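Written out below as structure tokens is the structure these notes cover.
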Amino acid sequence: MSTRNEIIKHLETEIAALESRVDGQNILLTSLREQLKAHETATVDERRSQVFRRAAIDMFPNHGPEQREFSNYSLVTKDIGDALVALGGRLDHKFAEIKALNEITVRVNSGMFFDEVLDHVFEDFDKLIPFDRIGVALIEESESGKTLVRARWNRAKYGKTYLNGGYAAVLRGSTLETIAETREPRIINDLEAYLKDHPKSGSSRLIRKEGILSSLTCPLVANDKVIGFIFFSSVEAGTYVDQHVEMYAQIAGELALTLEKSRAYEDLFLRNEFIKKVFGQYVTNEVAEAALKSDGPLVLGGERRVVTVLMADLRGFTPMSEVLAPEEVVDALNMFLGTMTAIIMKYGGSVDNFIGDALMAVFGVPMAKDDDAERAVACAIEMQMAMAEVNGRVNDRGLPPLAMGIGLSTGEVVAGNIGSEMRLKYSVIGATVNLAARIESLAASGQIFASDATHRAVKDTVKSAGHLSVQLKGLSEPVPVHEITGIGGRYNLTKDATA
């Protein structure tokens, strides 16, 4: 991009040319020098500039503010008036260009995705370069090893376009190869004549079919490598001149780098979205996000965390599966697990594991929240309430009804990557997990049992049917277990007594 100093230097040259024709003490010329100096020091008074230019126009009413060369005039008075008006207009135009270039650069750089950046280009570039259509093609390598130029984006001010995304041509031997090698833009102001000389140009035929008569083709160079081309096209003949090439050159590097960055960002975003979509079928979005944000490779190990573990298991499903066809078993199991998983995700839990007709969910990893236990209890209640819907669908298939027991336990676990370097699994282990499994084994069909720690965490809102102390395998002391029937507060859920 031209610097302010370069523009000022150019304007000083024009003033010097004017000084050779008029008295150097001329008051208007003196004022002009002052105005230029103000521009040079960035202290210009725009109101004074406007008054000054209007005064010059009033003094020479028969000579409007056309952009004229000073040397075209023979009379000194006309030279002064026209030169002042012309130079005032040039000052306005040059600084308007600087402002437009800065605005375009900011707008273009604000785009994150490839198409978003180019939409900014389309909306803003007509301040600098005339066009009815803009297209972008990128250079890529085909599977066969050929270098292709593939249309990646286009947008037009008119209706249907024919040269659209996906169109590709071999770079070698084409006129675009010359542009890539020289890195110099190309102007075609008569596309009809160009087609007669290049009848094999499929892209030119398509663009001509859209009504295009002029084009400005510019290389996109990022990190000293030509990555593609941008095409400005017009339905008028003779549209483009060297001035448009100069204007493009002032922003070309930044535009190419921005497009390259946005393309890389988009590729990474789409890749991560795909991974998250696949990964999210096994864990919550939070776990997927945490893995994707990891700065390095996933490693074995974990950290101590306080969580609430939920264990759920179907009652009587194993004997039932022995008399059903395998397809019926899988169908019923998928309906049950699918419904329960959706509810667990709704309450922000992470499905840790499916174990046959049982599942394990965890609340508190990878992100711990103050209401982990409360959400786990509300989730368990809604899971039991949803069994009526599950059995409705099971009944439609002629299968026997299903029933579920749930166990909840809150406490410290080790959470992290468990397994081997070849296969990792994000999970939790510890006494809290074992306790949840043992409590779940006590729950009959439709019941929800919770440990004392879980009950204490939600004591202000929980509804229960009492508690009992039970001796669990592997534990030396009896363990208090509470039967949960509902929860108040923001959830206000009550389990059906017949569930």
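Of the cross-linked pairs Lys261/Lys369; Lys127/Lys200; Lys127/Lys160; Lys261/Lys425; Lys369/Lys425; Lys196/Lys261, which ones have a Cα-Cα span greater than 31 Å in the structure shown?
Over 31 Å apart, Cα to Cα: Lys261/Lys369; Lys127/Lys200; Lys261/Lys425; Lys196/Lys261.
Extending 7 Å from Cα along the Cβ direction at Asn434 and again at Leu468 yields two label points whose distance is 2.3 nm.
Using C-alpha pairs below 8 Å separated by at least 6 residues, the relative contact order for the range 111-265 is 27 percent. With an a/c value under 1.5 for the gyration tensor axes a ≥ b ≥ c computed over the alpha-carbon atoms, the range 111-265 is described as rounded. Normalising by residue count, the range 295-494 has a Cα convex hull of 142 Å³ per residue. The range 381-415 and the range 164-181 have their alpha-carbon centroids 60 Å apart. 3J(HN,Hα) along the range 184-190, derived from phi through the Karplus expression 6.51 cos²θ - 1.76 cosθ + 1.60 where θ = phi - 60°, amounts to 10, x, 10, 10, 10, 9, 9 Hz, with x in place of Gly and Pro. Distance between the 7 Å Cα→Cβ label points at Asn164 and Lys146: 2.3 nm.
One decimal place: the segment Gln250-Arg33 gains 75.4 nm when fully extended, by the rule 0.36 nm per residue minus the C-alpha distance. Remark on Tyr426: its backbone amide H falls under 5 Å from those of Ile418, a criterion applied only to residues 5 or more positions apart or on other chains, H modelled at 1.01 Å from N. Shown is the FRET efficiency for Thr339 and Asp452, computed with R0 = 30 Å from the Cβ-Cβ distance and rounded to the nearest 0.05: 0.55.
May I ask you to list the residues of the range 206-232 whose amide nitrogen lies under 15 Å from a point 7 Å from Cα along the Cα→beta-carbon direction of Asp267? The answer is 222-223, 225-228, whose backbone nitrogens lie closer than 15 Å to the label point. Cβ-Cβ distance of Met385 and Leu324, R₀ of 45 Å, FRET efficiency by 1/(1 + (r/R0)^6): the value works out to about 0.95.
Placing a pseudo-label 7 Å from each Cα along the Cα-to-Cβ vector at Arg172 and His198 gives an inter-label distance of 1.9 nm.
Throughout, read-outs are computed from the coordinates displayed, never taken from laboratory work. Nothing here was measured: the structure is a model prediction, and the numbers come from that model. Cβ atoms come from the backbone with ideal geometry, glycine included; neighbour counts cover every protein chain shown.
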